[in-house]
Amino acid sequence: MSIEVRNLTKTYPSTSGSSEPFVALDDVSLSLPTGQLTALLGPSGGGKSTLLRIIAGLDTATTGSVEIEGVDATSLPPQRRNVGFVFQHYAVFKHMTVAKNVAFGMEIRKRPKAEVRRRTQELLELVHLGQFADRMPSQLSGGQRQRMALARALAVEPSVLLLDEPFGALDAKVRKELRDWLRRLHDEVHVTTVFVTHDQEEAMEVADEIVVVNQGRVEQVGSPDQLYDEPANDFVMGFLGDVTRLGQVRLRPHDIDVAVQPGAAGAHAGVVTRMLRVGFEVRLEVEPDGGGGAVSVVLTRSHAHALDLELGSRVWLTASIGAVTIPAMAAV
Amino acid sequence: MTSALVDTLARPALRRRASRTNLTPGSSLALGISVTWFSLLVLIPLAAIVATAAGGGWSTYWATISSGETFAAVRMTVEQAALVTLVNVVMGTLIAWVLVRDRFAGKRLLDIVIDIPFALPTIVAGLVLLGLYGPTSPVGVHWAYTRMAVPLALAFVTLPFVVRTVQPVLGELDHDVEEAAASLGAGRLTILRRIVLPSLLPAITAGAALSFARAIAEYGSLVLLSSNKPFQSEVASVRVMTYIENGSTAAAASVASLLLVVSLVVIVLLDTLSRKAARRG
């Protein structure tokens, strides 16, 4: 195991005057194997960044221990953990050139000059910034700065690479490019990597394994498929994708079959009250005859076309075969 | 007078001259008003002092400048101002650091009190220092009327400059950057030397320029605190006053114009340094 976290708890003294301390992490244990790309996924304020910062030594845990590559790192300062850290807002050294930024960690370690120069150039090529060695960071775009920050973190040959919302400050298109690029980079360099994100799509696309963190606790650990197909609870199901309610069960909107004729056993009849086309998919809202709130349904455009759906159409809804369902809570 | 010019020149607005103009009628008017105001207050009086200095002819000018007393006064002023500025660079940065980074009882009070030397009439500053370091000193330190009086008074009145220029920049400094350096293996001293100080350098040099300008112009506190003996503890501004009291306006203006040149040179030097620092890798 590359990272072994045991019974980690982090509390902050309350700021709002109440005597209850704020619990950022509540008895978290986690083990992350070597060479894997893991996502810490969860809503903002859920404790995932705190967990990452404690692994890096930038924050200290109230109780619990952190082990990196078999070494107890709980009380080691960040300088001695051999961890690469990438920040959401790049944390570039503004007064240094791109090359100097990347070389910083190696210079601290007093590597020979020739080696530093060679390796800096190698790393800049790796992150596609070979042309920009002599620029100042202010002359780079956000995506380029983040790639530079990544090269800088990789330069010290860290045993683990930690990324805190690395693409959070970038626009949607660059974000998607960098996401693919990070995946390919990881396949090339194989360093154990943990990244924090609140974007489930990002986590599902990039990570080998996802750790869902919410309110200071680990809700579920598993591969993207496992989490999507077998969510451990309501929260995980809701966080990993859209959820709607059909009769007595909760399920994903695309796991509902739509028919324009009655027939299937247990079908829920209703009327289409909203219809919205986004790209290749069509989103419906169906008001069931028995009341109980609108049901969301997603189907492809061509399917919707074939069914000749329009506002006010009468439809019969059933859960698809093999759909992931969990019982709806009575109060919903 | 000199200090007014120097303060104005140190403002960042004048630092970057646009290579092209982008003047609309509105901004032309604003520019016109600015230039007129600046001329009335600063440029024309300055030209006048140069004219007065020249009025006595080259020989008077040279005789004044090269007289032993004047030379000694100007030299001491520049030396002491430089020394005090150096002290301010160190102490001011330290005080700014404490005010921004540390949490302690009385921090807010200290933050306000820092400006007192700046807000006090300088003659009052002299009086305050005389109380503590004068002949009736309660702590037994009799620095008044000695050579120590000059740096003491200058340090007192110039204290806030570096503190106040560094403080906001230090406050805005991204904490991430220091954490990034730490995770790359840099110790606290290395982070300070290679990451924090280079980021503060432009602010420090700006503060140093203000501090030097203020020191070179100081008069009020020195009149009281220093014995103003020629060749020993007489600074240039007091020398100017002496000339005026003797009715030698041209000589006074000559000293003033020399001070003007010195200030200009130092400010240009510091400005170049801070720009280099801002650009350097």
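The values are calculated or read from the model by the stated rules, or taken from the named source; none is laboratory data. Worth saying up front: this structure is predicted, and the values here are computed from it rather than measured. No Cβ is skipped: glycine too gets one built from the backbone with ideal geometry, and neighbour counts run over all protein chains shown. The protein model used for the area step is the full one, side chains on, heavy atoms only, and it has no ligands, DNA or RNA in it. Shrake-Rupley method; radii C 1.70, N 1.55, O 1.52, S 1.80 Å.
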DSSP-defined antiparallel bridges as percent of all bridges, the protein assembly as shown, nearest 5 | 70 percent
Mind checking which of A:Pro224, A:Ala155, A:Val206 is farthest towards the positive end of segment A:155-234's charge dipole, using Cβ charges of +1 (Lys, Arg) and -1 (Asp, Glu) about the Cα centre?
-> A:Ala155
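If we count chymotrypsin sites (Phe, Trp or Tyr not before Pro) as exposed when they sit in a DSSP loop and have at most 15 other beta carbons within 10 Å, what is the longest stretch of chain B that avoids them all?
For chymotrypsin sites (Phe, Trp or Tyr not before Pro) (loop position, at most 15 other Cβ atoms within 10 Å), the longest site-free span of chain B is B:105-230.
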Once the dipole of chain B is set up with Lys and Arg at +1 and Asp and Glu at -1 on Cβ about the Cα centre, which of B:Ala51, B:Asn88, B:Leu189 lies farthest towards its positive end?
-> B:Leu189
If R0 = 22 Å, then B:Ser67 and B:Val265, at their Cβ-Cβ distance, give a FRET efficiency to the nearest 0.05 of 0.55
18 Å reach of a label modelled at A:Asn7, 7 Å along Cα-to-Cβ, counting backbone N of segment A:59-79 | A:61-68, A:72-75
Within segment A:111-159: Cβ-based charge dipole about Cα centre, in debye rounded to nearest 20 (Lys, Arg +1; Asp, Glu -1) | 120 debye
Positive minus negative residues near A:Leu129 (Lys, Arg vs Asp, Glu; Cβ under 10 Å) | +2
Grab the DSSP H runs of the protein assembly as shown that are 4 residues or longer, score each as -39,500 (n - 2.57), total them, divide by all residues and round the 222 nm result to the nearest 500 deg cm²/dmol.
-> -15500 deg cm²/dmol
Heavy-atom accessible area of B:Val124, protein chains in place, probe 1.4 angstrom, given in Å² to nearest 10, is 50 Å²
Residue separation times 0.36 nm, minus the C-alpha to C-alpha distance between A:Asp72 and A:Asp27: what's the value?
-> 14.4 nm
How high is the FRET efficiency between A:Thr34 and B:Leu86 when r is their beta carbon distance and R₀ equals 56 Å, given to the nearest 0.05?
-> 0.55
In whole percent, how big is the carbon plus sulfur part of the accessible area of segment A:228-319, probe 1.4 Å, protein atoms only?
-> 51 percent
Nearest 10, in degrees from 0 to 90: the angle of helix A:172-189 to the longest Cα principal axis of chain A is 60 degrees
In degrees between 0 and 90, to the nearest 10, how far off the longest principal axis of chain A does helix A:113-126 point, with axes built from Cα atoms?
-> 10 degrees
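How many Cβ atoms of partner chains, on average, are near each residue of A:146-152 if near means within 10 Å of its Cβ?
So the per-residue partner count for this stretch is 1.
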Taking a probe of 1.4 angstrom, what is the accessible area of B:Thr85 in Å², to the nearest 10?
-> 10 Å²
Calculate the mean, over all residues of peptide B:190-197, of how many other protein chain Cβ atoms lie within 10 angstrom of the residue's Cβ.
-> 2
About its Cα centre, how strong a charge dipole does segment A:204-308 have in debye, to the nearest 20, once Lys and Arg get +1 and Asp and Glu get -1 at the Cβ?
-> 400 debye
How high is the FRET efficiency from A:Asp242 to A:Ala172, r the C-beta distance, R0 22 Å, rounded to 0.05?
-> 0.75
Inter-label distance for B:Lys229 and A:Asp229, nm, one decimal - labels placed 7 Å from Cα along Cα-to-Cβ = 9.7 nm
Taking only Cα atoms of segment A:292-332, the Rg to Rh ratio with Kirkwood Rh works out at 1.02
First compute the accessible area of segment B:148-281 with a 1.4 Å probe, then give the percent of it belonging to carbon and sulfur atoms.
-> 66 percent
Looking at chain B, which longest stretch skips every one of the trypsin sites (Lys or Arg not before Pro) that is in a DSSP loop with at most 11 other Cβ atoms within 10 Å, leaving the sites themselves out?
-> B:104-281
Accessible-area order for B:Leu120, B:Leu23, largest to smallest, probe 1.4 angstrom, reads B:Leu23, B:Leu120
With helices defined as uninterrupted DSSP H runs, which ones in chain B have an alpha carbon span along their own long axis of at least 15 Å and mean Kyte-Doolittle hydropathy of at least 0.5?
-> B:25-38, B:44-55, B:68-101, B:122-133, B:149-172, B:197-217, B:249-279
What does the charge count near B:Val100 come to, summing +1 for each Lys or Arg and -1 for each Asp or Glu among other residues with Cβ under 14 Å from its Cβ?
-> 0
Roughly how many debye, to the nearest 20, is the charge dipole of the protein assembly as shown about its Cα centre, given +1 on each Lys and Arg Cβ, -1 on each Asp and Glu Cβ, and no other charges?
-> 2940 debye
Rounded to the nearest whole Å², what accessible area per residue is found for segment B:76-146 with the 1.4 Å probe?
-> 60 Å²
Heavy atoms of B:Val100 accessible to a 1.4 Å probe, total area in Å² rounded to 10 | 40 Å²
Local net charge near B:Val255, Cβ-Cβ under 15 Å (Lys/Arg +1, Asp/Glu -1) = -2
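Please compute, for peptide B:167-177, the average count of beta-carbon atoms on other protein chains lying within 10 Å of each residue's beta-carbon.
On the way: counts 0, 0, 0, 0, 0, 0, 0, 6, 3, 10, 7.
That average works out to 2.
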Considering only B:Gln232, B:Leu201, B:Ile112, whose Cα is most displaced toward the positive end of the charge dipole of the protein assembly as shown, charges sitting on Cβ of Lys, Arg (+1) and Asp, Glu (-1)?
-> B:Gln232
Between the helical axis of A:142-154 and the dominant principal axis of chain A, each derived from Cα atoms, what acute angle in degrees is found, rounded to the nearest 10?
-> 60 degrees
How far apart, in nm, are the 7 Å Cα→Cβ label points at B:Leu127 and A:Ala114?
-> 7.2 nm
Loss of accessible area when A meets B, both sides summed, Å² nearest 100, probe 1.4 Å | 1900 Å²
Convex hull per residue volume in Å³, alpha carbons only, for chain A = 175 Å³
With a ≥ b ≥ c the root eigenvalues of the C-alpha gyration tensor of segment B:29-136, is it rounded (a/c under 1.5), prolate (a/b larger than b/c) or oblate?
-> oblate
